[in-house]
Amino acid sequence: MDKLCLNCLNLYMSKKTYHSVEFLKDLHEKKTEMMEHIVHSYTLPLLKGALSLGLSRDQAEDLAQQVWEAFFSKVENFQGRSHIRTYLFGILYNKSKELFRETKKSLNNDPIDDIVESRFSPEGQWGAPPIDPEKFALTAESMTHVEQCLQNLSLNQRMAFCLKEIDHESNESICKILEVTSTNLGVLLYRARNYLRECIEKKSNL
Amino acid sequence: MKSCKEVHKLLHSEEDLGLMEKIKLRIHTIMCKHCNAYRRHLQLVRQGVAKWVEKASDVDPERVKDLEKKFLRKTKRRNNSD
């Protein structure tokens, strides 16, 4: 344990010196303590991340396993340019794309844009205004309804939404994970929330 | 004076706006019932999904420990066979 740069590791984990040479050296040499520490620190976040995409327990556990295998088989690719958590979630996103067989959805067109557009008059006033928030709240609190509505989101919309709203990741990290520009991230989040809002509103009116 | 269509978009990035922009936005939503409802809906969407994800990602700590051991075992076995 003495040879391991534990001090760097602790600093690293507090997001300060994650590019430290000693840390990377221990990691690239796959020192047992280092591997244990990293697996112990990030298995739970990875599992939660996988489950938030709507995967079953088995699928989520399998995905987490795939992330670790991919990470350690090419551990030298990690050069500390981003936080290790961001890097691992990037792998998680890429592996889940394979699972969902999602080809990169075009950012230009999405049906939700027309739906939102149709709610406004040509002058930009509300033509079909949002329903009473109290009524909306009852549906938004129902787990079943929310779960069904989440299925309308594409994988990158869903992941952007969860990383932002649940994990409170910075925009910069989310952009790295999803490999999008900050403008595109804004579009993804805007569409994700509108999909959810429209769907919950629709269910409230049933 | 911004239109509701412009305001509904700004509400998505409210936290990134400057102070003056924020104040203008708040004045609009205080006066405009519909934009205020939209703003509230966005908050409720966040809360609703957070609740769902919390429930969905409730993992037994013992299970996590077992998985960590399993992952390490597999990864090490793979390393040794490299």
(request) Net charge near B:LYS22: determine it from the other residues with C-beta under 10 Å of the C-beta of B:LYS22, scoring Lys and Arg +1 and Asp and Glu -1. (result) -2
(request) Return the subset of A:LYS202/B:LYS24; A:LYS74/B:LYS51; A:LYS31/B:LYS65; A:LYS135/B:LYS51 for which the Cα-Cα distance in this structure is over 24 Å, preserving the input order. (result) A:LYS202/B:LYS24; A:LYS74/B:LYS51
(message) Please enumerate, by chain and number, the aspartates and glutamates with C-alpha under 19 Å from the C-alpha of B:LYS22, excluding those fewer than 8 residues away in the same chain.
(response) B:GLU6, B:GLU14
(message) Could you tell me how far the Cα centroid of the stretch B:1-57 sits from the Cα centroid of the stretch A:21-86, in Å?
(response) 35 Å
(request) Just tell me which aspartates and glutamates come within less than 13 Å, Cα to Cα, of B:LYS70; anything on the same chain fewer than 8 places away is out. (result) A:GLU36, A:GLU61, A:ASP62, A:GLU69, B:GLU62
(request) Starting from 0 in steps of 5 Å, tell me what percent of the Cα-Cα pairs of the protein assembly as shown lands in each bin. (result) 1, 5, 11, 14, 16, 14, 12, 9, 7, 5, 4, 2, 1, 0
(request) Excluding A:ASP132 itself, calculate the net charge of residues whose Cβ lies under 13 Å from the Cβ of A:ASP132, where each Lys or Arg counts +1 and each Asp or Glu counts -1. (result) +1
(request) Check the cysteines of chain B one by one and keep only those with no other cysteine Cβ under 4.7 Å from their own. (result) B:CYS4
(request) At 7 Å along the Cα-to-beta-carbon direction for both A:GLU123 and A:LYS97, put a label point, then send me their distance in nm to one decimal. (result) 4.6 nm
(message) Using each residue's phi in the stretch A:140-152, evaluate 6.51 cos²θ - 1.76 cosθ + 1.60 at θ = phi - 60° and report the 3J(HN,Hα) Karplus result to the nearest Hz, with x for Gly and Pro.
(response) 5, 8, 7, 4, 4, 5, 4, 4, 5, 5, 4, 5, 6
(request) Quick one: of A:LYS176/B:LYS74; A:LYS48/A:LYS95; B:LYS33/B:LYS55, which pairs are farther than 21 Å apart, Cα to Cα? (result) A:LYS176/B:LYS74; B:LYS33/B:LYS55
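Throughout, read-outs are computed from the coordinates displayed, never taken from laboratory work. This structure is a prediction, so every number in the text was calculated from the model and none was measured. Reconstructed Cβ throughout: ideal geometry from the backbone, glycine too, with neighbour counts over all protein chains shown.
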